[in-house]
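K.L.:
Have a look at this one.
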Amino acid sequence: MLTGSTTGISTYKGEQRALRADRIGAPALLLSVLAATAPLLVVAGVIPTTFATMGIVGVPLLFVIVGAVLILFSFGYAEMSRHVHNAGALYAYISRGLGGTVGAGASYVALFAYSLMQCGSYGLFGFEISSQIAQHWQHNVAWWIPALGGVAITAVFGALKIDLNAKTLGVLLLIETTMIVVFDVGFLSDPGTQGVSAHAFNPGTLSGAGLGTALCFTIAGFLGFEQAPVYAEETSDPQRVVSKVMFLAVGFATVFFALSAWAITVATGPSGVIAGAQKEGPNLIFALTQDRLGTAFTDTLNVFFITGIFASMLSFHNVVARYAFAMGRDGLLPAAVGRTAKSSGAPAIGSFLQSAVAVVIVVVFAVTDDKPVGDPTAPVLRLFTWLGNVGALGVVLLMCTAAVAVISFFVKRGAARVQGWRLVTSAVAALALGAIFVYSVKDFSVLLGANPGHGLRWILPGVIALAAVIGLVYGQVLRVTRPEVHARIGQGNEAFQLEKAAAAEASS
């Protein structure tokens, strides 16, 4: 029996079935979304890795190109956010455009992909903390100890009200951003031997066999912007706030990362950036700031590098919990998962499940770690890299499918002419994202740093294929055995509101 609650939140059989509205405004949502992109992690980790691994000087230009593709994607995606307000976001949009069965497949891909990305971050988080302890206090602490501590802290924050989470993420993001601006200015004001050169924006710098894989690395730096619609049910004005935040996030990331990558090439010199990145690895930024801004700034930067990783972990944790909540509400996971805590309005069970999964994954990688303390193989080269790349692969596939779903959604509604230019941008984005996905699978061994014949280069991407198959099969089973549940996939709280209206009409 469906009833109304005194708070205005729909209930179903006495349980909370909707996220708490009016919890988060545009500024807080923007900060939460940008925190997921982890600016300092991208600038200090992803960008030097791309320079070193791919051997391409034009990384700043790659951010401009990928940013343009994601802006094209966002035109249709943002318009969908005006019509569909659902914590399932990507899978809900796919359901509404391509049907419940495809939507079910997408839901499991989303759940696996975001969960793996979130869990992978604990490896880097634990390793960085253990490294700082060894450097400053001369104590060797196994990486998995601070990693499990990170799981516990994230679990606590995940159960709190989203507005409190947003404030925490916002403060950390602002500090990160300020520090990046400071060292960018430092790099540009004290350039390398070639001076302030714009060579990195020359299209000729993109030649080479590593271009396709470099695009994969680059798009991973943007992931997080697409999370804005996940919070649509918790915003005060989803028709306007979500789309505005999405464009601001993509625009910010494009400009910010392109300029930061360029500043790195200026500091090292365009001709020396690849060699410098290969020599220093992720330590490149810290080596450059040490020379220009001193030890105190560099030590502080290390601290906020860690807090930036935590901000990203918390942001992705919140997203996973909401995807699980939406799936429980739609009948794709046990109904208990689709409930919220009465005190905070947060998807408490989904949050707890993600924390439990994280504990299991960290423990598995800890038990199988046969390297000495301080070796980054298990936490960084395996846990962080493997799971992060698999998760990014899944999100790229989801975005590509969502772009196709946008076209189908508006065509089926008879709005193809009105939305014509958005359908064109969605088609272009789908083609571009599809190409990036194909390159990602083709060159996955490069992303892993493994031999092309290594079994993991197929096994790990196969996790995303497995998730899709599980969802598609389950969606088809629901279609045959429980058509009323299948019809509700992607409808979210709207389905319960319709049931409420029907019950009221029947009783009158």
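The values are calculated or read from the model by the stated rules, or taken from the named source; none is laboratory data. Nothing here was measured: the structure is a model prediction, and the numbers come from that model. Here the Cβ is made from the backbone with ideal geometry for all residues, glycine too, and neighbour counts use every protein chain on show. Heads up: the accessible areas ignore ligands, DNA and RNA and are worked out on the full protein's heavy atoms, side chains in. Shrake-Rupley method; radii C 1.70, N 1.55, O 1.52, S 1.80 Å.
K.L.:
From the cross-link list K167/K412; K244/K412; K279/K371; K371/K442, which pairs have alpha carbons spaced over 32 Å apart?
P.N.:
Violating the 32 Å limit, Cα to Cα: K167/K412.
K.L.:
In the chain, carbon and sulfur make up what percent of the accessible area (probe 1.4 Å)?
P.N.:
In the chain, the share of accessible area belonging to carbon and sulfur is 67 percent.
K.L.:
I would also like to ask the following. For the stretch 224-383, what does the alpha-carbon gyration tensor say about shape, rounded, prolate or oblate, given a ≥ b ≥ c as the root eigenvalues, a/c under 1.5 as rounded, and a/b over b/c as prolate?
P.N.:
Here the stretch 224-383 falls in the oblate category.
K.L.:
By average Cβ neighbour count within 10 Å, what is the ranking of 356-367, 120-131, 464-475 from highest down?
P.N.:
120-131, 464-475, 356-367
K.L.:
May I pose another question? Sort the following peptides by mean Cβ neighbour count (other Cβ atoms within 10 Å, averaged over residues), highest first: 44-57, 246-259.
P.N.:
44-57, 246-259
K.L.:
Can you compute the FRET efficiency between A152 and T368 using 1/(1 + (r/R0)^6), with r the Cβ-Cβ distance and R0 = 22 Å? Round to the nearest 0.05.
P.N.:
Working from the Cβ atoms, E equals 0.50.
K.L.:
Here's a follow-up. Give the distance, in whole Å, between the Cα centre of the stretch 214-268 and the Cα centre of the stretch 354-395.
P.N.:
The two parts, judged by their Cα centres, are 25 Å apart.
K.L.:
Suppose R0 equals 51 Å. What FRET efficiency, 1/(1 + (r/R0)^6) with r the Cβ-Cβ distance, do T481 and L188 give to the nearest 0.05?
P.N.:
In this case the efficiency is close to 0.25.
K.L.:
Additional query: Roughly how many Å² is the accessible area per residue of the chain, as a whole number, for a 1.4 Å probe?
P.N.:
37 Å²
K.L.:
Here is a further query. With everything on Cα atoms, drop me the angle between helix 211-222 and the longest principal axis of the chain, reported from 0 to 90° to the nearest 10.
P.N.:
Tilt relative to the chain: about 60 degrees.
K.L.:
Once you have the Cα-Cα distance between F201 and R417, take 0.36 nm times their residue separation minus that, and quote the gain in nm to one decimal.
P.N.:
Taking 0.36 nm per residue and subtracting the Cα distance, the gain is 74.0 nm.
K.L.:
Take every Cα pair under 8 Å in the stretch 203-297 that's 6+ residues apart, average their separations, divide by the length, and report that relative contact order as a whole percent.
P.N.:
It rounds to 15 percent for the stretch 203-297.
K.L.:
Please tell me the relative contact order of the chain in percent, rounded to the nearest whole number, where contacts are Cα pairs under 8 Å and at least six residues apart.
P.N.:
RCO, the chain: 33 percent.
K.L.:
Same structure again: Could you tally the net charge around T37, taking each other residue with its Cβ under 15 Å from the Cβ of T37, Lys/Arg +1 and Asp/Glu -1?
P.N.:
-2
K.L.:
Between T377 and T178, what is the FRET efficiency for a Förster distance of 45 Å, r being their Cβ-Cβ separation, to the nearest 0.05?
P.N.:
So the FRET efficiency works out to roughly 0.85.
K.L.:
While we're on this one: Identify, among Y122, T298, H317, the residue whose Cα sits farthest towards the positive end of the charge dipole of the chain, taking +1 on the Cβ of Lys and Arg and -1 on the Cβ of Asp and Glu, with the dipole about the Cα centre.
P.N.:
Checking the options against the dipole of the chain, the answer is H317.
K.L.:
Where a ≥ b ≥ c are the square roots of the eigenvalues of the C-alpha gyration tensor, would you call the stretch 327-463 rounded, which needs a/c under 1.5, or, failing that, prolate if a/b is larger than b/c, or oblate?
P.N.:
The shape class here is oblate.
K.L.:
As a test of the definition: which semi-axes, in Å, follow for the chain when you take the square root of five times each eigenvalue of its alpha carbon gyration tensor? Largest first, please.
P.N.:
38, 25, 21
K.L.:
Give the peptides 263-274, 323-334, 185-196, 142-153 in descending order of average Cβ contacts within 10 Å, highest first.
P.N.:
323-334, 263-274, 142-153, 185-196
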